[in-house]
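Student: Following this message is one structure expressed as structure tokens.
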Amino acid sequence: MDSESFGVRLFMACIGLGIRFYWSAIDFFNRRVSIYSNLTTPRGAKAENSILVSSRAHALTSILSKDVLRSPLGGINSFTTLLAEVLIVTLAGVPFSKSSSYTAFNASVDISIAIIGIMLIVLPAVVLHLRKARKGPNPPDCIADTINMLSGSALVERLQGHSSLDTRERYKLIQGWGSMYAVRRRAANDKSSGREWSIDTS
């Protein structure tokens, strides 16, 4: 790594970008399926752990949200995704050149090793979590898929007439019901719509 070549730095930066895209894809998928994986448990899940959980757009906002307390692994995954952003910079600083200080070189190496070490520790837990999440339904890709999943569910009837409430009032009302929510496979004679899963409440 003792090189003045721009190509070596570019190569290390590309490795960092590859790792970053990999963790970003995992984090994005995890944030989408976490709501539905909670619903796949035999007993179901409470409203605050399922239908009321909001999907965050970025890893940073996911860490800062209170949903991390309900799903620590999701918070760890988002934190590792943010570390991948730092890794791009530190890996690019690993190839030593005379234009950079030896202290900066050592810092880049140490930080890169620490981040990769954290990723290797977190990765097995993330893989096991994703394997479990894949046993449930894939998140709906559009509003029509969401409506299709809710069709025939008692949840639709219970939620009718509450559109005039603001978000806080509606959330408080739903939590006050104390219901459990779960996704179940539809019967073989009820799959004509193409959706295999439906959301039930009890």
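Student: What Kirkwood radius, in Å to one decimal, follows from the Cα pairs of the range 72-126?
Tutor: One decimal place: 12.0 Å for the Kirkwood radius.
Student: List the residues, sorted by chain then number, that are 5 or more residues from residue 165 or on another chain and whose placed amide H is less than 5 Å from its amide H.
Tutor: Close amide H contacts, sequence-distant or interchain: none at all.
Student: Same structure, new question: Which order do 23, 197 take when ranked by solvent-accessible area (1.4 Å probe, heavy atoms of all protein chains), largest first?
Tutor: Numbers: 23 5, 197 35 Å².
Descending accessible area places them as 197, 23.
The values are calculated or read from the model by the stated rules, or taken from the named source; none is laboratory data. Predicted model, so just to flag it, every value in this text is computed and none were measured. Areas reflect the complete protein model, heavy atoms only, side chains present, ligands, DNA and RNA absent. Shrake-Rupley method; radii C 1.70, N 1.55, O 1.52, S 1.80 Å.
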